Amino acid sequence: MTEVIAILSVFVAPALVIAYFIRSRTEYRLAMQETLRKAIDKGETLTPETLESLNKVRREPDADRRTALILLSLGGAAMAVGFMNGDLEGFKYAGIFPFCMGLALLLNYKLRTNETA
C-alpha cells in the first residue's frame with residue numbers, strides 16, 4: 001500500500017502544481033480581458049503602448065530567492081524521507097534534483113544582487 005501511495009504522490013503532486021499555475025494564469029488573463037473590456041465600454045482610448053505594457057511580465061526581484069528556498073526545502077524533505085524510511089530509497093535520489101536546482105537559483109540570485117550593488 002505504501003508503494004502505491006508513494007508512486008501516486010510522485011506523479012500526482014507535480015500534476016496538481018502545474019494545474020494550479022495554469023489555472024491561476026488563466027484567471028489572471030480573464031481578469032485582464034474583463035478590465036480591458038470595461039475600459040473600452042467606457043470609451044477610454046487604449047494606446048498601443050498601454051496594451052504593450054499590460055503584456056509585459058513583471059518579475060519580482062526576489063523571485064529567484066523564493067523559488068530557490070522552495071526547491072531547497074522540497075529536495076531536502078524528499079531526501080530526509082528517503083533517509084528516514086528505508087523502504088522509500090528512491091526519495092533520496094529524487095530529492096537531489098530539486099535541491100540542486102534550488103542551489104543554482106540561489107547562486108543566480110546572489111550573483112545578480114552582487115552585480116547591482
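So, in region 71-86, of the ones that are under 14 Å from S9 (Cβ atoms) and out of contact with any Pro (no Cβ under 6 Å at 6 or more places or on another chain), which residue ends up surrounded by the most Cβ atoms within 10 Å (Cβ to Cβ)? Of everything passing the filter in region 71-86, A78 is surrounded by the most Cβ atoms within 10 Å (Cβ to Cβ). All of A39, A15, A63, A19 fail the test of being within 21 Å of L105 (Cβ to Cβ) and among the small types (G, A, S), apart from A63.
If the condition is being in contact (Cβ under 8 Å) with a residue 40 or more places away in the chain and out of contact with any Lys or Arg (no Cβ under 9 Å at 6 or more places or on another chain), then region 37-67 contributes only D62. If the condition is being among the acidic types (D, E) and at pLDDT below 90, then region 1-58 contributes E3, E44, E49, E52. Out of curiosity, is P61 in contact with a Ser or Thr (Cβ under 9 Å, 6 or more places away or on another chain) and not hydroxyl-bearing (S, T, Y)? Against the criterion (in contact with a Ser or Thr (Cβ under 9 Å, 6 or more places away or on another chain) and not hydroxyl-bearing (S, T, Y)), P61 qualifies. Name, by its number, the condition in (1) touching a Ser or Thr at 6+ places or on another chain (Cβ under 8 Å); (2) assigned by TED's automatic domain parsing to the domain that holds F11; (3) of a type in the set (D, E) that does not hold for D87. D87 satisfies every listed condition except (2). Residue under question is I7, and the condition is that it be surrounded by 11 or more Cβ atoms within 10 Å (Cβ to Cβ) and part of a helix (DSSP H, G or I); does it hold? Spelling it out, I7 is indeed surrounded by 11 or more Cβ atoms within 10 Å (Cβ to Cβ) and part of a helix (DSSP H, G or I).
Anything in region 1-42 that is over 19 Å from K56 (Cα atoms) and hydroxyl-bearing (S, T, Y)? List them, or say none. T2, S9, Y20, listed by residue number. When the helices (runs of 4 or more DSSP H) confined to region 43-116 are screened for residues that are touching a helix residue (DSSP H, G or I) at 6+ places or on another chain (Cβ under 6 Å), those reaching at least 3 such residues are found at 63-84, 90-94, 96-116.
The values are calculated or read from the model by the stated rules, or taken from the named source; none is laboratory data. Source: prediction; values computed, not measured. Here Cβ is always computed from backbone atoms with ideal geometry, including for glycine, and neighbour counts include all displayed protein chains.
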